[in-house]
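First comes the structure, then the notes that go with it.
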Amino acid sequence: MPRNNFFLILIVAFVVSGCASQKVETAPIYSPLDKAAKQTGAPGSADVAAADGAASEGSEGQRSHFTPTDNPKALADISQALEQEGTAPGSDDGQTVVLDDINEDSAAQPYDDLWDRIREGFSLPYDEKQIAGDLNWFANNQAYLERVVERARPYLHFVVSEVEKRNMPLEFALLPVVESAFQPFAYSHGRAAGIWQFIPSTGRLYGLRQNWWYDGRRDIYASTNAALNYLKNLYGEFNDWELVLASYNSGAGTVKRAMLKNQRRGKPTDYWSLRLPPETEGYVPKLLAIAAIVADPEKYGINLQSIPNSPYLARVDLDNQLDLALAADLAGLSVDELYTLNPGFNRWATEPNAKGYLMLPLEKEKQFREQLAVIPPEEHIRWEEHKVKKGETIASIARTYNTTSQVLVQVNKLRGNRLNPGRTLMIPVALKDTTVYTHTEDKRRSEIQNTPRAGRAKEVYAVKAGDTFWSISRSFDVNVMQLAKWNGMSPRDPLAIGQKLVVWVKQAEPEEPAEEVTAAAAEDNAAEDNSEDDAKRESAVDLTRLASPPESVTMRWINYVVRRGDSLARIAARFRVTVAQVKSWNSFLAKRKRLRPGQRIKLYVDVTSQST
């Protein structure tokens, strides 16, 4: 071998070796968000968490979320990276993914009951005295736990597997109990939706699409991945799971400010030492309490129904828009069952022009694929012809057929907004009567609106130009929060001219007391979702700017669970009331000199003045 070639080979080998070793030593990027940040120059998870808390919007008026960057292109790149990572919905043509495929070690563990597997993965420490109040509540509400377990049954194995994949404590698989009681259609007055209670902005940041047809915040597959990625990013910032939970509830910015305040005073900065919003102070104890129940149900007199430790769901990717009633028939399911497994869909079909997927019971997956394969794509939905009449617009025709202008424009290759009378349009419509589609947004809203309210009579109001939730509530002398809840909405949701709202006015009875909010009744706080129906169409009018409400609207009764170290003075200061007022609201305190952890006391507070 020539001498020059020999040295050339040595040099090449050295360079290759150096590149290989450099690759091994490179620190891994632990999240799609950080990978996108590296590629685009946008902030990564650490930067995002630092900005968290800058804006206040969230579940039950407490959760604070963030805007990571003012650069729209960077946000788009982050979302694209998330979708490529599999966080956001996407598909490979014709592929079926069996969910819950986990590593061999976990799969080989001999657990017949999923609860045994969950118990084995618990790792968060707690002092029973710190969670006594919530623990007692759960222990005395067997029926509530039974309802939660039944709702969780089709989802929980998948959630557990995703938590395990990220090497997170399995207490986090129970977080949807705290957030939504595992109600997939849960919707809070803070505009948080789904079992993980994402608000719109954070959902979009983590790749959850939200449009007229579909809301990824309610999609079990997409939202679970997004929530766990979010939590893992927070752990990269705090390196403490309790602080991660507090940040998920109230925002990382809120937690950091509380930590900084304690640092300046020479106090500890662990979760239990921080002064946080009341809901956040009760958030971690609630999760630890439900985990304690799961860890030893017999100790607390609870019968926890068994859930098989085997995959339940399969994700079947779709190439075309598909009518959900047809999908249910092909899978051998009821339409109601299909919506329960696929709560992200707002309408009668999957999204048009989007490669989506359906979540199906694993045992139904093969039957569904085989039967779908023999149906031509053009028959996946039904088509109707519409002859344009004088005065009709694209928007008005879209509303008539319960679709969107965008769909009509794309399907009919329209240019501009003008339509000539006599033109024929092709319109995609549902295969079956609208009553068959049991969980569309309209059906869910109608069910909420028509739920009887004790001592009240129903009136229907059509929204006019200039109306807001605030002005309408004043006209009918009702609480603005109640008005929104009666309509399955948030006071921040936009209203559209002509939209019908239900108002439950008081009958000739004594005035009702202020609404009482209990710490553990998470199930009762969940209202059905509204995805801004006409507000996402052309006629939408954003009317959400509200004036400051009067005291009569912002004052609420709450039940406070006494925690270790509490005193009347400290509680009074925290909620900006006086000790004398606390005693007057709780007559039994006059006979007792000391408070006990787990004891419940009533407080009448101004919810707008509660902050860190």
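The values are calculated or read from the model by the stated rules, or taken from the named source; none is laboratory data. The structure displayed is predicted, hence computed values, not measured ones. FYI the Cβ positions are ideal-geometry reconstructions off the backbone, even for glycines, and counts take in every protein chain you see. Keep in mind that these areas ignore ligands, DNA and RNA; they rest on the heavy atoms of the full protein, side chains included. Shrake-Rupley method; radii C 1.70, N 1.55, O 1.52, S 1.80 Å.
Here's the yes/no breakdown for (1) over 18 Å from SER123 (Cα atoms); (2) not polar (S, T, N, Q):
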residue: PHE158; (1), (2): yes, yes
residue: LYS165; (1), (2): no, yes
residue: LEU170; (1), (2): no, yes
residue: SER180; (1), (2): yes, no
residue: GLN183; (1), (2): yes, no
residue: TRP196; (1), (2): yes, yes
Practice problem: Within the range 401-418, count every residue that is on the phi < 0 side of the Ramachandran plot and either in contact with an Asp or Glu (Cβ under 6 Å, 6 or more places away or on another chain) or touching a residue at least 12 places away in the same chain (Cβ under 8 Å) (or both). | Solution: 12
Quiz item: Hey, among ALA292, ALA246, ALA258, which residue is open to solvent by less than 10 Å² (accessible area, probe 1.4 Å), more than 27 Å from LYS165 (Cα to Cα) and at pLDDT 95 or above?
Solution: ALA258
Quiz item: Which residues, taken from the range 302-326, are within 19 Å of GLY216 (Cα to Cα), among the small types (Gly, Ala, Ser) and part of a helix (DSSP H, G or I)?
Solution: none
Self-check item: Search result, residues across the range 284-324 that are within 30 Å of ALA430 (Cα to Cα) and hydroxyl-bearing (Ser, Thr, Tyr)
Solution: TYR312
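Sort out for me the helices (runs of 4 or more DSSP H) sitting completely within the range 469-570 that have 2 or more residues that are over 30 Å from ASN140 (Cβ atoms) and modelled with pLDDT of 50 or more.
Output list reads 469-476, 480-486.
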Practice problem: Tell me which residues, restricted to the range 419-457, are out of contact with any helix residue (DSSP H, G or I) (no Cβ under 9 Å at 6 or more places or on another chain), part of a helix (DSSP H, G or I), in contact (Cβ under 8 Å) with a residue 40 or more places away in the chain and open to solvent by 20 Å² or more (accessible area, probe 1.4 Å). | Solution: ARG445, GLU447
Quiz item: Mind checking which pairs have a first residue in the range 207-220 that is farther than 14 Å from ASN342 by Cβ and a second that is surrounded by fewer than 24 Cβ atoms within 10 Å (Cβ to Cβ) and of a type in the set (D, E, K, R), Cβ under 6 Å, 6 or more apart or different chains?
Solution: GLY207/GLU83; TRP212/LYS536
Exercise. Check whether at least one residue in the range 263-281 is open to solvent by 40 Å² or more (accessible area, probe 1.4 Å) and within 20 Å of ALA181 (Cβ to Cβ), and report yes or no.
Key: yes
Quiz item: When you look at LYS389, is it of a type in the set (D, E, K, R), open to solvent by 10 Å² or more (accessible area, probe 1.4 Å) and within 22 Å of ARG153 (Cα to Cα), yes or no?
Solution: no
Quiz item: Does the range 300-317 contain at least one residue that is over 30 Å from THR438 (Cβ atoms), charged (D, E, K, R), open to solvent by less than 60 Å² (accessible area, probe 1.4 Å) and touching a helix residue (DSSP H, G or I) at 6+ places or on another chain (Cβ under 9 Å)?
Solution: no
Quiz item: Can LEU135 be described as under 21 Å from ASN249 (Cα atoms) and surrounded by fewer than 16 Cβ atoms within 10 Å (Cβ to Cβ)?
Solution: no
Quiz prompt | Of all residues making up the range 248-292, the number that are on the phi > 0 side of the Ramachandran plot and either under 19 Å from the mean Cα position of the chain (by Cα) or in contact (Cβ under 8 Å) with a residue 60 or more places away in the chain (or both) | solution = 1
Self-check item: Pairs where the first residue, in the range 118-138, is free of Cβ contacts under 8 Å to residues at least 40 places away in the same chain and the second is open to solvent by less than 80 Å² (accessible area, probe 1.4 Å), C-beta under 9 Å, 6+ apart
Solution: PRO125/LEU288
Practice problem: Assess whether ALA349 counts as being within 30 Å of ASP113 (Cα to Cα), open to solvent by less than 40 Å² (accessible area, probe 1.4 Å) and touching an Asp or Glu at 6+ places or on another chain (Cβ under 9 Å). | Solution: no
